[in-house]
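Novice: Handing you a structure now.
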Amino acid sequence: MRVIVPSGKIVEIFRITPVCEGKVRVNGHAKFFFETAKSLDSNPTGIAVEGNFAEPILYIGNLSSGMVDSIITAVMSLGYYDLSTFKYQRQPDLQKVVLDDGRSGAYTSEFTKGLDGLVRAAVIPQLYGGNPLFNGVVPQAGQEFPEEDPEEEPEEEDDDDDYDWEDVEDDEEDDEGI
């Protein structure tokens, strides 16, 4: 799979992950939050792209959730996408980045200083710590990926199936004769 990154380079990628993002002001500073989306129904507004470039992740945020869906679908079905065509907030100061579902333009770790470290710290542990991986698998609307490996999930106990009450009664009768 390949993408044209915001700076215009063609890059081979091996993973693209939808990301939910948020920004709140705390004590006069903007705090950003990033989390891998459980499904495309989670309304992701960013993508984390892993590939053959200098930084481990290229991040593009402040997209509409429909645009995130379109990008991921195109990359997975066509094998490429041109990310350089977006209008970008060429804002080097992360504190001044605007999040408004794409109305002010997307922002990217290529142009915004400090963003790559924040996204890397938030997203990479989620990807490699058991959260959903998007290795060629795109969740369909309404589909969620399991949070844990299904082989590791304990089975729920159903008390009615654990005992054959007829056998218990028979055992009690046998105990009386001893």
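What follows draws every value from the coordinates through simple rules; no lab data is involved. For clarity, every value in this text was computed on a predicted model and none was experimentally measured. Please note: Cβ atoms are built from the backbone with ideal geometry, for glycine as well, and neighbour counts cover all protein chains shown.
Novice: Roughly how large, in nm² to one decimal, is the mean projection of the convex hull of the alpha-carbon atoms in region 1-82?
Specialist: It is 5.9 nm².
Novice: Each residue of region 94-108 in turn: what ³J(HN,Hα) in whole Hz from Karplus with 6.51, -1.76, 1.60 and θ = phi - 60°, glycine and Pro shown as x?
Specialist: Couplings: 4, 4, 9, 5, 9, 10, 8, 6, x, 4, 8, x, 6, 10, 9 Hz.
Novice: Right, here's the next one. Can you give the FRET efficiency for residue 24 and residue 113, using 1/(1 + (r/R0)^6), R0 = 25 Å, r = Cβ-Cβ distance, to the nearest 0.05?
Specialist: Efficiency, rounded to the nearest 0.05: 0.80.
Novice: Loop only per DSSP, at most 16 neighbouring Cβ atoms within 10 Å: give me the trypsin sites (Lys or Arg not before Pro) in region 1-88, ordered by residue number.
Specialist: Hits after loop and neighbour filter: 9, 87.
Novice: Using a cut-off of 12 Å between beta-carbons, work out the net charge of the residues near residue 51 (Lys and Arg +1, Asp and Glu -1, residue 51 not included). Write down the numbers at each step before the final one.
Specialist: Working: positive: 2, 9, 15; negative: 12, 50, 55.
Result for the local shell: 0.
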